[in-house]
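Participant: Provided herewith is a single structure, encoded as structure tokens, for subsequent inquiry.
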Amino acid sequence: MMDMRNLNMLKKTIPWVIIVLLAVFPLLSPDIFFLSIGVILFMYIALGSSWNIIGGYAGYLSFGHAAFLGIGAYVVALMLINYGISPFITCLLGGLLAALFAWIVGFPVLRLKGPYFSLATLCLGLAVPVIVINLPASIYGGATGLFMPLLPVDIFVNRTIFYEIMLALAVVTTLISRWILQSKFGLGLKSIRENESTAETIGINSTRLKTMAFVLSAFLVGIIGGIYAYYRTYIHPTTVFDTNLSIQIVLMALFGGATTWQGPVIGAAILVIIDQVLITAFPGAPAEISRLVYGLILVLVIMFMPHGIMHYILNWLKSRQLEAEDQEVQKSC
Amino acid sequence: MLELKSIDVFYGHLQAIWDVSISVKSNEFISILGSNGAGKTTLLNTIVGLNKAAAGSIEYKGIRIDNLPPYKICAMGLILIPEGRKIFPMMSMLENLQMGAYLPGPRKTVKQNLDKVYAIYPILKKRAGQLAGTLSGGEQQMLAIGRGIMSNPELLMLDEPTLGLSPKLALEMLSSLKNLHTQGMTLVLVSQETMQCLQLAERAYVLENGRVALEGQCSTLLADDKVRKSYMGI
């Protein structure tokens, strides 16, 4: 059927059209507010897609990803303040250090399963900022944090630069995550999520696969952390190692559907937009109202769509395709 | 081909297997019998490395494997089809089969093995895109065995493949195993269907409370009064 092929073409081109439109959006010289939302939105998409590699595909729910984000942020800040090297280069170093850290803590932590793994990573996320606060304050900033010099451009250009970089990061991490899901590596991770000991008996080196996924996830999050730090220009242990951030990443991925590559993208998009809309929707009311509604939406979705939104969309698309095929058969009869 | 020498296995302080020795020759069809809690599953899990033996040795094709991790043992062609099927329910039937050919060796023969599986269990071909969790019990068991065949096994061990199947399906399942054996595969079968197992297999071991209580040719065991009384009720 000709419609079918067109539909498939459309499905492939639409995401790219959206990406291009988003990329040229700053040319319309919109309000800086929208650029800031864009930066946050793309950051969460990138974080969610990176988290999904270990949390969604392998089913190891990490609640400590802020640790990797913070490590990336601190590496970038220290390199800029002490050596004047651009964060756009040192963010790779931040990613590498976060990956190294993940590799080391992965030895004990990845032996744990289910809620024990989640708890251990949660504690990891809480322990790292305490360590950073107690490092020599003259170098590491201690409890005062670190200030970075601004990019020497005006505020609009500044925002646009970070907007574009975060958009690129979101696209790249999503592509990586999608590629993994369709690869042999992803198939192995999925089988670990389904049943780890069976996966081992059919020849999967689960320790190696889990470590690879955890390290890769941390590497990407470290890079994002570095860029985020430069965007904020001021970092403090309680902001870049924020446990709320770790939880937010998990929520968005689960909300969208953590077993799919689209899940974190959709989850982050919906939750960030709802959050922003709610904050602006009740201008006079106390901030708690928007928090209440946000919480309510989360509860409802988790109650009625426990596998995430993407799961339902995919099922719906599948049933529609089956219907179309049925009709075609009937027509030909 | 497989040689277990005086194996002891513990769960914490609890000893589950006592001084068990078993040997399987190439192209043999061995059956391991025993009542619930006799240690059959523990024994198989120990052979593939999911449990570790506290004493004794396990040799496969002349190489000691009792300290190797499961994935390395699998790569040597010693495959276990676990009790209760243990398929990946949220993955499609085809993905489940492909998982059996994860290692580089079996990856080269995916197509031939897939044809082989479909030849033994034609019904699976119709289920390729379906989530494995939605298959019927019998189909899931076929899938579990199919996944094992995808790994190019030289020695295939089956833990209660007839569990939860209707008597008719159970018989079909067991006769499909007989076919595999005539095609040259070495089989170790654990089952509660004592009568059928003794008729199908060549030799059998009877486990009791973690110890080998009896061993011998199936024809001899079938005639044995003790076996007939305790395991067949006749």
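Participant: Would you mind checking A:318/B:125; A:113/B:52; A:210/B:61; B:40/B:229 for any pair whose Cα atoms are more than 23 angstrom apart?
Facilitator: Values: A:318/B:125 20 Å; A:113/B:52 20 Å; A:210/B:61 30 Å; B:40/B:229 20 Å.
Result: A:210/B:61 exceed 23 Å.
Participant: Please list 3J(HN,Hα) in residue order for the stretch B:20-32, calculated via the Karplus relation 6.51 cos²θ - 1.76 cosθ + 1.60 where θ = phi - 60°; whole Hz, with x for glycine and proline.
Facilitator: With coefficients 6.51, -1.76 and 1.60, one gets 8, 10, 9, 9, 10, 8, 4, 6, 8, 10, 9, 10, 10 Hz.
Participant: Expressed as a rounded percentage, what relative contact order does the stretch B:136-193 have, with Cα pairs under 8 Å and six or more residues apart? Walk me through the numbers on the way to the answer.
Facilitator: Details: 42 pairs, mean separation 26.7, N = 58.
Value for the stretch B:136-193: 46 percent.
Participant: Evaluate the Debye formula for the stretch A:120-187 with equal point scatterers sitting on the alpha carbons, no solvent, and hand back log10 of I(q)/I(0) at q = 0.15, 0.21 Å⁻¹, in q order, two decimals.
Facilitator: Those come out to -0.90, -0.89, one per q.
Participant: With +1 on the Cβ of every Lys and Arg and -1 on the Cβ of every Asp and Glu, and nothing else charged, how large is the dipole of the stretch A:31-332 about its Cα centre, in debye rounded to the nearest 20?
Facilitator: Details: 14 positive and 13 negative charges, 117 e Å.
The dipole of the stretch A:31-332 has a size of about 560 debye.
Participant: What is the average number of partner chain Cβ atoms found within 10 Å of a Cβ in B:90-97?
Facilitator: Mean inter-chain Cβ contacts per residue within 10 Å come to 2.
Participant: Could you grab the relative contact order for chain A? Cα pairs under 8 Å, six or more apart, rounded to a whole percent.
Facilitator: Working: 468 pairs, mean separation 99.8, N = 333.
This gives 30 percent for chain A.
Participant: Test of the criteria: in the stretch A:10-79, which chymotrypsin sites (Phe, Trp or Tyr not before Pro) are in a DSSP loop and have at most 10 other Cβ atoms within 10 angstrom of their Cβ?
Facilitator: Details: sites: A:16, A:33, A:34, A:42, A:44, A:51, A:57, A:60, A:63, A:68, A:74; in loops: A:60, A:63.
For chymotrypsin sites (Phe, Trp or Tyr not before Pro) across the stretch A:10-79 that sit outside H, G, I, E and B with at most 10 neighbouring Cβ atoms in 10 Å, the list is empty.
Participant: Using all C-alpha to C-alpha distances in chain A, build P(r) with 20 Å bins and read off the rounded percent in each one.
Facilitator: Pairs per bin, as whole percents: 29, 56, 14, 1, 0.
Participant: Taking the Cα centre of each part, how many Å lie between the stretch A:107-174 and the stretch B:205-221?
Facilitator: 62
Participant: How are the alpha carbon pair distances in chain B distributed across 5 Å bins from zero to the largest one, expressed in percent?
Facilitator: Reading upward from the zero bin: 1, 7, 15, 18, 20, 17, 12, 7, 3, 0.
Participant: Report the longest stretch of chain A that contains none of the trypsin sites (Lys or Arg not before Pro) sitting in a DSSP loop with at most 13 other Cβ atoms within 10 Å. Don't skip to the end; give the middle numbers.
Facilitator: Details: sites that count: A:111, A:113.
Longest run free of exposed loop sites: A:114-333.
Participant: I've got another one for you. Assign unit charges at the C-beta atoms only (+1 for Lys and Arg, -1 for Asp and Glu), then state the dipole size of the protein assembly as shown relative to its Cα centre in Debye, rounded to the nearest 20.
Facilitator: Values: 41 positive and 34 negative charges, 145 e Å.
The calculated dipole for the protein assembly as shown is roughly 700 debye.
Participant: On to the next question. Within 10 Å of each Cβ of B:80-87, how many other protein chain Cβ atoms are there on average? List each step's numbers first, then the result.
Facilitator: Numbers: counts 3, 3, 5, 0, 1, 1, 7, 3.
Mean partner shielding for this stretch: 3.
Participant: Turning to a different aspect of this structure: Enter the angle in degrees (range 0 to 90, nearest 10) between the Cα long axis of helix A:184-194 and the first principal axis of the Cα atoms of chain A, meaning the one along which they spread out most.
Facilitator: Approximately 90 degrees, to the nearest ten.
Participant: Related question: Using θ = phi - 60° and the Karplus form 6.51 cos²θ - 1.76 cosθ + 1.60, what ³J(HN,Hα) does each residue of the stretch A:27-44 get, whole Hz, x for Gly and Pro?
Facilitator: Taking θ as phi minus 60°, the curve returns 5, 6, 6, x, 4, 4, 3, 5, 5, 5, 4, x, 4, 5, 4, 5, 4, 5 Hz for the stretch A:27-44.
Participant: Select from the stretch B:1-87 those trypsin sites (Lys or Arg not before Pro) which occupy a DSSP coil region and have at most 14 other Cβ atoms within 10 Å, ordered by residue number.
Facilitator: On the way: sites: B:5, B:25, B:40, B:52, B:61, B:64, B:72, B:85, B:86; in loops: B:25, B:52, B:61, B:85, B:86.
Hits after loop and neighbour filter: B:25, B:52, B:61.
Participant: What are the principal axis extents of the Cα atoms in the stretch B:119-183, in Å, biggest first?
Facilitator: Principal-axis extents of the stretch B:119-183 (Cα, largest first): 30, 27, 20 Å.
Participant: On C-alpha positions alone, give me the angle between the axis of helix A:206-232 and the longest principal axis of chain A, in degrees, nearest 10.
Facilitator: 60
Participant: With viscosity set to 1.567 mPa s at 4 °C, what whole-number translational diffusion coefficient in µm²/s follows for the protein assembly as shown from Stokes-Einstein and a Kirkwood radius over Cα pairs? The partial results should precede the final answer.
Facilitator: Working: Rh = 26.9 Å.
Approximately 48 µm²/s, per Stokes-Einstein.
Participant: Another question, if that's okay. Going by the alpha-carbon gyration tensor, a ≥ b ≥ c the square roots of its eigenvalues, is the stretch A:178-333 rounded (a/c under 1.5) or, if a/c is not under 1.5, prolate (a/b greater than b/c) versus oblate? Let's see the in-between values first.
Facilitator: Details: a/c = 2.40, a/b = 1.20, b/c = 2.00.
Judged from the Cα gyration tensor, the stretch A:178-333 comes out oblate (a/c at least 1.5, b/c at or above a/b).
Participant: Along the charge dipole of the stretch A:31-332, which of A:95, A:77, A:255 sits closest to the positive end, that is, farthest toward it, with unit charges on the beta carbon of Lys, Arg, Asp and Glu (+1, +1, -1, -1)?
Facilitator: A:95
Participant: On a 0 to 90° scale, report how tilted helix A:263-281 is relative to the longest principal axis of chain A, with both axes built from alpha carbons and the result rounded to the nearest 10.
Facilitator: Relative to chain A, helix A:263-281 is tipped by roughly 70 degrees.
Participant: May I ask for the distance between the Cα centers of the stretch B:8-40 and the stretch A:292-313, given as a whole number of Å?
Facilitator: 48
Participant: How do A:305, A:212 line up, fewest other C-beta atoms within 10 Å first?
Facilitator: Numbers: A:305 16, A:212 20.
Listing A:305, A:212 from fewest to most nearby Cβ atoms yields A:305, A:212.
Participant: List every residue whose amide H lies under 5 Å from the amide H of residue B:7, counting only residues 5 or more places away in sequence or on a different chain, with H placed 1.01 Å from N in the peptide plane.
Facilitator: Amide H neighbours of residue B:7, under 5 Å, 5+ apart: B:19, B:20, B:21.
Here, each number is a calculation from the coordinates, and none is a lab measurement. Predicted model, so just to flag it, every value in this text is computed and none were measured. All Cβ positions, glycine included, derive from the backbone under ideal geometry; neighbour counts span all protein chains shown.
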